[in-house]
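What follows is a single structure, written as structure tokens, with notes after it.
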There are 2 protein chains.
Amino acid sequence: MAHYTDPAGVNDATLHYLDVIYRLTQQGEMANTTDIAEKLGVTPSGASVMLKRLAERKLIQLVPYKGATLTPQGRRLALRTIRRHRLVELFLHRVMGFAWHEVDDHAHALETALTDALEDRMDEMLGHPTRCPHGHLIPRKDGSLPEANDVPLLSLPIGSAGVIRCVDTDNSDWLKYLGEQGLYPGVSIVLKDIAPYDGPVTIQTPEGLVAIGQNLAKLIYVEVS
Amino acid sequence: MAHYTDPAGVNDATLHYLDVIYRLTQQGEMANTTDIAEKLGVTPSGASVMLKRLAERKLIQLVPYKGATLTPQGRRLALRTIRRHRLVELFLHRVMGFAWHEVDDHAHALETALTDALEDRMDEMLGHPTRCPHGHLIPRKDGSLPEANDVPLLSLPIGSAGVIRCVDTDNSDWLKYLGEQGLYPGVSIVLKDIAPYDGPVTIQTPEGLVAIGQNLAKLIYVEVS
DNA sequence: ATCTTGATTTAAGCGCGCTCAAATTGTATG
DNA sequence: CATACAATTTGAGCGCGCTTAAATCAAGAT
Ligand SMILES: [Mn+2]
Ligand SMILES: [Mn+2]
Ligand SMILES: [Mn+2]
Ligand SMILES: [Mn+2]
């Protein structure tokens, strides 16, 4: 093991796999090899071999030809990485003045390099925050998640009022655009209209009416007020 | 090449080798294999193989059985790493409130993970600083070094007055101790006495007289006033 | 000039994470 | 039920950075 690798053998590649598997197992059941490979920019055969190694290390539970889920130990590491990613994002935004559409890339570069003390210090400086700049929940140190009442904007009846809580994408261009339209966490809105046949979604913001496509609108989660 | 490796193939290991070679070639001539290996915590045989690869990549000039020096390209990368290390140290100290004896480890973890934008933003936030918390010079983006008139404290005649500019060590314990004695960059001092036979060095600080061993005193560099 | 000794390089091999190509498996379909 | 097809795994191999053991080299002492 190289000296710059974590003593426990938990290196960057491992953490990225666990991170991806965590996200893929959030909604559905198991994470399948092809999806994991695709998210990591790797061939399915490469991912398959790596998954077997992760299973040997008891970080995932692997059912051949079926898919993978995280073990408690794997989940712990995944949540730690996600916590760090989101803390760094918020730090970059609040302390260092980066725009919300810029932080994901830099945070990705830093998330696996953070030391415990650095993580804790950022957490303190930010006042033990619960969400990243995009509104994703920041897991606590113990792996638990803060409470949230986020519902998809598009699931609400026309006329509903609420506060944007999360914009669920890492796409820099979309974030930049939505930010320019005044659509970001903390903003109070009213859902004015959803045009049929995948038509525009009209939203009342403090700055006026904006209309966006449904592909963007479905990224928005709100807390109903 | 893994996706988390720099496109140019400039990964952590490479940067650490270049960093070490830069420091070893500062004073003397060439950096020899054994010294490089020792600084990196690696066997000489391992270092030997790696050095050959670095030479193939034109990052060092290697004279077999003699030693290595950096090529202009290698020096550029080494200086970039050193710049980032020292900027991060200062950032951790000034912005994040870490003590000067704590920053080296964290900076080492972060230095190779920094993106260009992050480096630039830190530089801005810190007001384009020229020295790390220990007083080492921060190379500029173009690879040039700020001017400095640092002389070893122990090279001065008794009675000399000056300002501490650099404390040349990364040893956390020593730094903590010297900091507690009021000996750190920016402090005005007078050299009161150097006892013979490796005896104590007595220094007048704004807070009073302190006596330290010559092993510690020789780490201190001052600008004579 | 030869010998000795320490520094250095070479050789062989390992673990990691990746590739491509081939074999295998599970499943959907006729 | 048999077959076709897509997903997955296996096999062979590569580059990297490391190890230990063996060979080689440089240089000073005799
Ligand atoms: Mn992100
Ligand atoms: Mn985020
Ligand atoms: Mn340092
Ligand atoms: Mn320093």
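Readers should treat all values here as calculations from the given coordinates under stated rules, not as data from a laboratory. Computed from a predicted model, the values in this text were never measured in an experiment. Using ideal geometry, Cβ is built from the backbone for each residue, glycine included, and neighbour counts are taken over all protein chains shown.
Odds and ends about this structure:
- For chain A, pairs of C-alpha atoms spaced more than 24 angstrom apart make up 51 percent of the total.
- Across the identical copies, the label point of A:LYS218 (7 Å from Cα in the Cβ direction) is separated from its matches by 7.1 nm, in order from shortest.
- Extent along the principal axes, Cα only, for segment A:151-224: 28, 26, 22 Å, with the longest axis given first.
- Remark: the protein assembly as shown carries a charge dipole of roughly 840 debye about the Cα centre, counting +1 on each Lys and Arg Cβ and -1 on each Asp and Glu Cβ.
- Over all Cα atoms in segment A:1-133, the spread is summed up by Rg and Dmax: 15.6, 46 Å.
- Diffusion constant of the protein assembly as shown at 4 °C, which comes from Stokes-Einstein with the Kirkwood Cα-pair radius and 1.567 mPa s, µm²/s: 51 µm²/s
- When chain B is turned onto chain A, its residue with the beta carbon nearest the axis, and that distance in whole angstrom, is B:ALA113, 2.
- Sum of -39500 (n - 2.57) over DSSP H runs of 4+, divided by residues of chain A (222 nm, nearest 500): -12000 deg cm²/dmol
- Compared with the dominant Cα axis of chain B, that is its longest principal axis, helix B:72-94 is turned about 50°.
- Here's the picture: charge each Lys and Arg Cβ at +1 and each Asp and Glu Cβ at -1 in the protein assembly as shown, and of A:THR34, A:LEU70, B:PRO185 the one pushed furthest to the positive end of that dipole is A:THR34.
- Of the chymotrypsin sites (Phe, Trp or Tyr not before Pro) found in segment A:151-223, those in coil by DSSP whose Cβ has at most 13 other Cβ atoms within 10 Å are A:TYR197.
- Those trypsin sites (Lys or Arg not before Pro) in segment A:55-164 that DSSP places in a loop and that have at most 16 other beta carbons within 10 Å: A:ARG57, A:LYS58, A:LYS66, A:ARG140, A:LYS141
- Among the GluC sites (Glu not before Pro) within segment B:21-102, those in coil by DSSP and having at most 12 neighbouring Cβ atoms inside 10 Å are B:GLU29.
- Cβ-Cβ distance of B:TYR197 and A:ASP116, R₀ of 35 Å, FRET efficiency by 1/(1 + (r/R0)^6): the value works out to about 0.20.
- Simple spin-label estimate for A:LEU126 and A:GLU29 gives 3.5 nm between the two label positions (7 Å along the Cα-to-Cβ direction from each Cα).
- In nanometres and ascending order, the distances from the A:TYR177 label point to those of the other copies are 6.2 (point 7 Å from Cα along Cα→Cβ).
- Dipole magnitude (debye, nearest 20) for chain B, charges at Cβ of Lys, Arg, Asp, Glu: 680 debye
- Using 0.36 nm per residue and subtracting the Cα-Cα separation, the extra length available between B:GLU223 and B:VAL95 on full extension is 43.5 nm.
- Hydrodynamic radius of segment A:84-166 per Kirkwood, over alpha carbon pairs, in Å: 13.9 Å
- Tensor-based shape of segment B:131-189 (alpha-carbon gyration tensor, a/c under 1.5 rounded, otherwise prolate or oblate): oblate
- A label point on A:ARG140, set 7 Å along the Cα-to-Cβ line, lies at 5.1 nm from each of its counterparts in the other copies, closest listed first.
- Between helix A:116-125 and chain A: long-axis angle, C-alpha atoms, 0 to 90°, nearest 10: 20 degrees
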